[in-house]
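A quick write-up on the structure given underneath.
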Amino acid sequence: QVQLVESGGGLVQPGGSLRLSCAASGLTFSTYAMSWYRQAPGKERELVAVISTGGSTTYAASVKGRFTISRDNAKNTVYLQMNSLSPEDTAVYYCKARLLRQYWGQGTQVTVSS
């Protein structure tokens with residue numbers, strides 16, 4: 001049974017930082033491309049960042065230069081380092097694993113507010 005468990009969300013002030021983690025189990029982690037998505041209230045879910053099996057990364061324009069996605073295949077974990085956070089980054093953040101099928105985590109709430 002595949003499980004993706006996100007953690008690290010919370011309340012942070014504008015300009016602050018958070019690091020999200022997504023721990024995977026039940027799959028051969030190193031063979032999956034991993035992504036972070038987010039969904040703000042009343043909005044569609046949007047892609048934030050992707051990391052390939054080889055470590056190549058892609059970012060949404062809105063987060064480029066502020067967010068960094070990384071993976072640790074030994075720990076079956078993907079990370080999202082988020083810096084210079086703004087209220088517009090407030091959302092539920094989800095990780096996704098994709099190979100032939102895709103799997104989603106349950107999400108972690110990030111709230112940026114003073």
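The values are calculated or read from the model by the stated rules, or taken from the named source; none is laboratory data. These numbers come from a predicted model, not from an experiment. Because the Cβ atoms are built from the backbone with ideal geometry, glycine has one as well, and the counts that use them run over all protein chains shown. Each accessible area value is taken on the protein alone, full model and side chains, heavy atoms only, with ligands, DNA and RNA left out. Shrake-Rupley method; radii C 1.70, N 1.55, O 1.52, S 1.80 Å.
The table for this structure:
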{"item": "Value of D in µm² per second that Stokes-Einstein yields for segment 70-111, Kirkwood Rh from Cα pairs, at 10 °C (1.306 mPa s)", "result": "131 µm²/s"}
{"item": "Cut-off 10 Å between beta-carbons: net charge of the residues surrounding Val92, Lys and Arg +1, Asp and Glu -1", "result": "+1"}
{"item": "Rounded percent of accessible protein surface that carbon and sulfur make up, the chain, 1.4 Å probe", "result": "47 percent"}
{"item": "Residue-by-residue Karplus 3J(HN,Hα) for segment 51-66, coefficients 6.51, -1.76, 1.60, Hz, glycine and proline x", "result": "10, 7, 5, x, x, 5, 10, 9, 10, 5, 4, 5, 10, 4, x, 10"}
{"item": "Within straight-line cross-link reach of Lys43, aspartates and glutamates at Cα separation under 18 Å, skipping those fewer than 8 residues along the same chain", "result": "Glu88, Asp89"}
{"item": "Other-chain or far-sequence residues with amide H under 5 Å of Leu85's (modelled H)", "result": "Gly15, Gly16"}
{"item": "Accessible area in square angstrom per residue, the chain, 1.4 angstrom probe", "result": "52 Å²"}
{"item": "Once the Cα gyration tensor of the chain is diagonalised, semi-axes √(5λ) in Å", "result": "23, 14, 13"}
{"item": "Span from the segment 1-69 Cα centroid across to the segment 80-108 one, whole angstrom", "result": "4 Å"}
{"item": "Modelled label reach - Ser84, point 7 Å along Cα→Cβ, segment 25-62 residues with backbone N closer than 19 Å", "result": "48-50, 58-62"}
